Amino acid sequence: MNSKQLKQSQLSASLTELPPLGMDVLSLVNDFRRYYTYSLGRDRHSRSAHYAYQALVLTLRERLMERWKQTRYAYEEADCKQAYYLSLEFLMGRALGNAMLNLGLEEDTTLALQCLGMELEELAESEHDAGLGNGGLGRLAACFLDSCATLRLPVTGYGIRYDYGMFHQQIVEGEQVEYPDHWLRDGNPWEIERPEYTQRVAFGGRTEYHRDAAGRLAVRWVDTNDVLAIPYDVPIPGYQNNTVNTLRLWKAAATDEFDLGEFNAGLYPESVAAKNSAEQITLVLYPNDSSENGKELRLRQQYFLASASLQDVLARWVGIHGNDFSSFAEKNVFQLNDTHPSCAVAELIRLLMDEHGLGWERAWDVASRTMAYTNHTLLPEALEKWPVRIFRQLLPRLLEIILEINARFLAEVARHWPGDTERLRRMSLIEEGREPMVRMAYLAIVASFSINGVAALHSRLLAEGLFRDFFELWPHKFNNKTNGVTPRRWLAWCNPDLARFLDDTIGFGWEVDLERLHGLLPLAEDGTFRERWLQVKRANKERLAQLVATECGVTFDPRALFDVQVKRIHEYKRQLLNVLHVIHLYDRIKRGDAADWTPRCVLIGGKAAPGYFMAKRIIKLINNVAMVINADPEVGPLLKVAFIPNYRVSAMEVIAPGTDLSEQISTAGKEASGTGNMKFMMNGAITIGTLDGANIEIREEVGNENFFLFGLTAEQVEEQRRHYDPAAIIAGDEELARVIRLLTSGHFNQLEPGIFDPIVHSITSPGDPWLIAADFRGYVEAQRRAAAAFRDVEAWTRMSIRNTACSGRFSTDRTMREYNAEIWRLPQVPAKPMV
Ligand code: 26Q
């Protein structure tokens, strides 16, 4: 050994594990300065908050990074079962606050920045929301990941890295205008590109049959157009437990051959065009929250996600076990977030048979023991279907497999119900007709060992209605998992004043054991406690009023009742019913019926799918009504109405803590669960709502005295529809008749004649599926009770406290424990302690 080699080997031997990064204020200050000065090259002349934000993210990110690696090692070494949450949507919102909170660095970071003369709030505000989802289903996926990491469950999220997330909504002359959400413009410091795990996804082409080496009939999928899937990993920190799980998002990229082939033929523009069409796949999120049928690009997205994710899991498996899949189902489970990723069923079979040499029976056995499906909708028209024709063109091999699954499945149905051809037709994975369609929900049901709804009522209605035939065949597959929300983001982070107050009164640790909020119940009787509760609510209402002032230009008085409905705009969610009530209040003021008035500020927000005409017209109505009311000096402070533009995760973080009354007023039997209802409840709002979705369970937890209930039940809704006569209801209700007259008279559209005719028509039509007129009277009376209750400050505060106190069940920690106990069966794997 020469001296150079000697030196090298001595150096190598003296290398030790990197020491963990400091978790104190001084380390944070110094790392921040190092990033700001040396990595980003900024100095005291840099005035934009953006670079300070970047330096802060890098400082926190490196602390996540070491825990992330240790978590991966811990899962590898445990060699345990893992779950994969497949979802076309992850509505993550902002990550900075969450990272600080979950690392336990919230206080120290605030201090560190103060030392440097900066405000955390300003930096936090400069982060774009990661809006890779439409609404409830996407945000649920994000809350699930937070809880899985907190519970130390080995769960990986798989999704798509859209270049453009949910559109940015502006309101121009009362109407929604959509702008592209280029959220990656300034880069995304939270993601790590991992090109070393790139996968290849095929489209188009045809299938070819041949004999393999062992003489068995085998299939080749040939002449395909391939696209690369490049993973970008996002860290998902657990709550102060050193666990960091992974969200893996795929980006589409053109293959090299693609370019080269065309290029060599001298077709440069064509080759660039081909590259473009490959990269189209992950360009933009579809902004519909109920299925839009027939868009081929959407099916491409779905298959791209399913195929890349399954190949990724299988590659890791094969790396350890080779082509022995005998224990695969004991070690892996895939949770399908609605039918959107349900191509995975057929894709797993394809990969096992065509790529790894399994026969049908064994491939089917693996698939049907690893797939689990969650349904999120009861609206029959929202069930996903794809034309067989598109499948044949785009995914010919998958179609063959789906048809094979169907043939075998229908044979089973025929054995179970001999001679019942009507049932065969009903249950077939293929809907026959002029344009035959693949029924994605049935594909998911047939292959899954577990099928769940997202609230008790929803799961019951699935079994009794939408999926009845399947429930009769396989009752054991069906189960309920009531949704939740993560109390870290939706209480600890978004409502810090309440969080500190909770620490002071019920002690530390409620963030991970939310049932401990029950400890607040006796305190509802304590006058000083109530006084402080009210102070916290008051400060939060001031913060919300500030947001409404800047975003809507409307003045909300924090002493008034803050009445809020924020969610996607949908006829079944009945924002229209809310508006009718607002018009009714206005009418009462104008006709001098305002004795014992409770001043009220009504806030409505939400996005409409760009092609949903009625939803857009409802937004226009809300804005026009607001304009008239807010400008009327006679109304003054008695009633204010605002539509908050661009409702999103970060807006809800201000809205929920400042709300008094939470509007959950969907037509019973239509809202699968709702999760906004839970966020409001946790923050001490009282619900006005129907017996729909999780409202039912919320009311059971908090008690009828602390909930403003109204409206038809799901059963009564079905009954009413058969002989619905809104004209008679309107004729028999003078106050409703006056509201309708105000609408038809053009009072809210003096310069835009007729624009609200479609709305009036829908309310007055016997075919109105949402039964607006039927629930109007009950709603107005519930609102009267709420207004009266609000005037008794003491009683209202009791109700508010009880709502928070009883919200423990709606933590996604509970939801994830149930998924794990009854579906996934994963061990909890502790992270290695940081030394
Ligand atoms: C499907 C195919 C093509 C294009 C779009 C879609 C699509 C996209 C998103 C269909 C549906 C969605 C989203 C549905 C959704 O958010 N559902 C909500 O899920 C929540 C979580 O379970 C529930 O609380 C809500 O009740 C439910 O409406």
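The values are calculated or read from the model by the stated rules, or taken from the named source; none is laboratory data. Just so it is clear, the model here is predicted, and its values are computed rather than measured. As a convention, Cβ positions derive from the backbone with ideal geometry for all residues, glycine included, and neighbour counts pool all protein chains shown. Just the protein is used for accessible areas: all its heavy atoms, side chains included, with ligands, DNA and RNA removed. Shrake-Rupley method; radii C 1.70, N 1.55, O 1.52, S 1.80 Å.
Every residue, every condition in (1) touching a Phe, Trp or Tyr at 6+ places or on another chain (Cβ under 8 Å); (2) away from the ligand (no atom under 16 Å from the Cβ), yes or no:
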residue	(1), (2)
Glu671	yes, no
Ile688	yes, yes
Pro726	no, yes
Leu743	yes, yes
Pro753	no, yes
Tell me the residue from Pro758, Pro830, Pro769 that is open to solvent by 10 Å² or more (accessible area, probe 1.4 Å) and at pLDDT below 95, please.
Pro830
Is it the case, given these coordinates, that Val485 is of a type in the set (A, V, I, L, M, F, W, C), within 11 Å of the ligand (Cβ to nearest atom) and either farther than 18 Å from Glu715 by Cβ or surrounded by fewer than 21 Cβ atoms within 10 Å (Cβ to Cβ) (or both)?
yes
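Per-residue answers, yes or no, for (1) free of Cβ contacts under 8 Å to residues at least 12 places away in the same chain; (2) outside any loop (DSSP other than H, G, I, E, B):
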{"position": "Asp181", "(1), (2)": "no, no"}
{"position": "Asp186", "(1), (2)": "no, no"}
{"position": "Pro189", "(1), (2)": "no, no"}
{"position": "Glu196", "(1), (2)": "yes, yes"}
{"position": "Arg200", "(1), (2)": "no, yes"}
{"position": "Arg220", "(1), (2)": "no, yes"}
Out of all the residues in segment 352-391, which are hydroxyl-bearing (Ser, Thr, Tyr) and part of a helix (DSSP H, G or I)?
Ser368, Thr370
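Conditions tested, residue by residue: (1) more than 30 Å from Ala141 (Cα to Cα); (2) in contact (Cβ under 8 Å) with a residue 24 or more places away in the chain.
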site: Ala731; (1), (2): yes, no
site: Val739; (1), (2): yes, yes
site: Ile755; (1), (2): yes, yes
site: Asp768; (1), (2): yes, yes
site: Ala773; (1), (2): yes, yes
site: Glu781; (1), (2): yes, yes
site: Ala787; (1), (2): yes, yes
site: Arg809; (1), (2): no, yes
site: Tyr819; (1), (2): no, yes
Could you please give the count of residues in segment 633-677 that are open to solvent by less than 10 Å² (accessible area, probe 1.4 Å), under 24 Å from Ala787 (Cβ atoms), of a type outside the set (Val, Ile, Thr) and assigned to a helix (DSSP H, G or I)?
4
Taking the conditions exactly as written (at pLDDT 95 or above and touching a Leu at 6+ places or on another chain (Cβ under 9 Å)), does Ala787 satisfy them or not?
yes
I need the full set of residues from segment 128-146 which are within 11 Å of the ligand (Cβ to nearest atom) and either in contact with a helix residue (DSSP H, G or I) (Cβ under 7 Å, 6 or more places away or on another chain) or of a type in the set (Asp, Glu) (or both), in order please.
Gly133, Arg139, Cys143, Phe144
Cβ contacts < 7 Å: first residue hydroxyl-bearing (Ser, Thr, Tyr), restricted to segment 657-684; second residue open to solvent by 10 Å² or more (accessible area, probe 1.4 Å) and away from the ligand (no atom under 12 Å from the Cβ), any location; separation 6+ or different chain. Result?
Thr667/Trp770
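Residue-wise test of (1) touching a His at 6+ places or on another chain (Cβ under 7 Å); (2) of a type in the set (Gly, Ala, Ser).
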{"residue": "Ala608", "(1), (2)": "no, yes"}
{"residue": "Tyr612", "(1), (2)": "no, no"}
{"residue": "Ala615", "(1), (2)": "yes, yes"}
{"residue": "Ile619", "(1), (2)": "no, no"}
{"residue": "Asn623", "(1), (2)": "no, no"}
{"residue": "Ile629", "(1), (2)": "no, no"}
{"residue": "Leu638", "(1), (2)": "no, no"}
{"residue": "Ala642", "(1), (2)": "no, yes"}
{"residue": "Met652", "(1), (2)": "no, no"}
Taking the stated definitions as given, is Phe391 surrounded by 19 or more Cβ atoms within 10 Å (Cβ to Cβ), among the hydrophobic types (A, V, I, L, M, F, W, C) and farther than 23 Å from Phe144 by Cβ?
yes
Search segment 504-524 for residues that are over 17 Å from Val536 (Cβ atoms) and among the charged types (D, E, K, R) and pair each with any residue that is open to solvent by 40 Å² or more (accessible area, probe 1.4 Å) and assigned to a helix (DSSP H, G or I) when their beta-carbon atoms are under 8 Å apart and the residues are at least 6 apart or on different chains.
Glu515/Arg809
When segment 164-179 is checked residue by residue, the ones that are out of contact with any helix residue (DSSP H, G or I) (no Cβ under 6 Å at 6 or more places or on another chain) and in a loop (DSSP other than H, G, I, E, B) are Gly165, Met166, Phe167, Glu173
Matching entry among Leu461, Leu517 (being part of a helix (DSSP H, G or I), within 16 Å of the ligand (Cβ to nearest atom) and on the phi < 0 side of the Ramachandran plot):
Leu461
Would you please name the residue that is farthest from Gln393 (Cα to Cα), looking only at residues in segment 282-334 that are within 16 Å of the ligand (Cβ to nearest atom) and among the aromatic types (Phe, Trp, Tyr)?
Tyr286
Looking only at segment 568-596, count every residue that is part of a helix (DSSP H, G or I), touching a helix residue (DSSP H, G or I) at 6+ places or on another chain (Cβ under 9 Å) and within 16 Å of the ligand (Cβ to nearest atom) and tell me the total.
2
Here's a check for you: in segment 472-514, which residue that is assigned to a helix (DSSP H, G or I) and of a type in the set (Val, Ile, Thr) is farthest from the chain's Cα centre (by Cα)?
Thr505
Taking Ala414 as the residue in question, decide whether it is within 20 Å of Val366 (Cα to Cα), of a type outside the set (Asp, Glu), open to solvent by 10 Å² or more (accessible area, probe 1.4 Å) and free of Cβ contacts under 8 Å to residues at least 12 places away in the same chain.
no
Among the residues in segment 217-227, are any among the hydroxyl-bearing types (Ser, Thr, Tyr) and within 30 Å of Leu56 (Cα to Cα)?
no
Close pairs from segment 457-478: first without any contact (Cβ under 8 Å) to a residue 12 or more places away in the chain and open to solvent by 20 Å² or more (accessible area, probe 1.4 Å), partner in a helix (DSSP H, G or I) and not hydrophobic (A, V, I, L, M, F, W, C), Cβ under 9 Å, at least 6 apart
Phe471/Glu464; Phe471/Lys477; Glu472/His416
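Any residue that is small (Gly, Ala, Ser), buried (at least 21 other Cβ atoms within 10 Å of the Cβ) and either over 30 Å from Tyr373 (Cα atoms) or in contact (Cβ under 8 Å) with a residue 12 or more places away in the chain (or both) - is there at least one of those in segment 159-177?
Yes.
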What number of residues within segment 368-402 are within 26 Å of the chain's Cα centre (by Cα), of a type in the set (A, V, I, L, M, F, W, C) and more than 11 Å from the ligand (Cβ to nearest atom)?
2
Considering only segment 14-67, state which residues are buried (at least 17 other Cβ atoms within 10 Å of the Cβ) and of a type in the set (Val, Ile, Thr).
Val25, Val29, Val57, Thr59
Of all residues in segment 691-709 being part of a loop (DSSP other than H, G, I, E, B) and crowded, with 21+ Cβ neighbours inside 10 Å, which is nearest to the ligand (Cβ to nearest atom)?
Gly693
Going residue by residue through segment 503-519, is there one that turns out to be over 21 Å from Glu701 (Cβ atoms), open to solvent by 90 Å² or more (accessible area, probe 1.4 Å) and of a type in the set (D, E, K, R)?
yes
